[in-house]
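Worksheet: the structure to be examined is printed underneath.
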Amino acid sequence: MAKDIEVGREGEFHDKDYHDPPPAPLIGPEELTRWSFYRAIIAEFIATLLFLYITVLTVIGYKSQTDAKNGGDGCDGVGILGIAWAFGGMIFVLVYCTAGISGGHINPAVTFGLLLARKVSLVRAVMYMVAQCLGAICGCGLVKAFQKSYYTRYGGGANELADGYSTGAGLGAEIIGTFVLVYTVFSATDPKRKARDPHVPVLAPLSIGFAVFMVHLATIPVTGTGINPARSFGPAVIYNKDKAWDDQWIFWVGPFIGAAIAALYHQFILRASASKALGSRRSSSNI
């Protein structure tokens, strides 16, 4: 365990050896020459493909099992609870598998939040988002290829604003839901906590997956739960219906706003990065 604290005579804890890692370069073109960069992009593509394949199949399966016209019953299938578990469980599994390769983003909103916090470069962020969106399209494409009639009949897993909810309600659900997710990502991967508590990196995928699960329970009835622009974009491309495209902006604007708020809250309030920087400038000017 890293020695980042020391115990005083009266039991107080003081910062000792820990220092925040330097911010990622803003542009970072040198990453384009490294195989590890392309390996990370491939990992994001495959992880998002698997995420959409399993979760969209779960949604379509639930709708087919509860379809009265198909002999189903409202009590059949996994229910909203099962759908939420599918999304949260897959994020847990995929973050666990890819965290050491790409960081396990699997979500353009997460990547955007980490970019704002200077945890990733602009080049890496853009390439991650492209890979995530392409992976989502391919994952939904596989679902349609294997179950074409079911895919079209039961909505293709596309996110749409539910009847009876206003645009503001849907946008608010996406903003707050994404805030919960990205805030959890920052807290679970905080390098200072990782240095002090060795169990934190092990539990990070679980806490992130559980955040996704909880947000789905709350927002499935409102928007179907996006909180991930790639998750909403992939089904919209393959399903390709007007309603999915008309509401698509909600599933980009909301998550990006939520991610930005979470990044600012964690970096400048919880971690007090701004006050530390201001304090160091004042102390240096007084010397």
(Q) Here is a check on your reading of the model: is THR98 in contact with a Phe, Trp or Tyr (Cβ under 6 Å, 6 or more places away or on another chain), of a type in the set (Ser, Thr, Tyr) and crowded, with 17+ Cβ neighbours inside 10 Å? (A) no
Q) Among the residues of region 180-207, which ones are within 15 Å of GLY103 (Cα to Cα), modelled with pLDDT under 85 and outside any helix (DSSP H, G or I)? A) ASP190
Q. Restricting to region 86-130, what's the tally of residues that are under 14 Å from the mean Cα position of the chain (by Cα) and closer than 21 Å to LEU57 by Cβ?
A. 13
Q: From ILE46, ILE60, grab the single residue that is at pLDDT 95 or above, at negative phi, of a type in the set (A, V, I, L, M, F, W, C) and part of a helix (DSSP H, G or I).
A: ILE46
(Q) Against the conditions (1) without any contact (Cβ under 8 Å) to a residue 24 or more places away in the chain; (2) assigned to a helix (DSSP H, G or I); (3) open to solvent by 30 Å² or more (accessible area, probe 1.4 Å); (4) not hydrophobic (A, V, I, L, M, F, W, C), where does THR111 fall short? Just the number, please. (A) (3)
Q: Consider GLY88 carefully, then state whether it is closer than 19 Å to PHE179 by Cα and open to solvent by 20 Å² or more (accessible area, probe 1.4 Å).
A: no
Q | Which listed residue, of LYS144, LYS148, is open to solvent by 10 Å² or more (accessible area, probe 1.4 Å) and touching a residue at least 24 places away in the same chain (Cβ under 8 Å) | A | LYS144
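The values are calculated or read from the model by the stated rules, or taken from the named source; none is laboratory data. Just so we're clear, the structure is a prediction, and the values are computed from it rather than from any experiment. Counting neighbours? That spans all protein chains shown, and the Cβs are built from the backbone with ideal geometry, glycine included. Remember, those area values only see protein heavy atoms, side chains included, never the ligands or the DNA or RNA. Shrake-Rupley method; radii C 1.70, N 1.55, O 1.52, S 1.80 Å.
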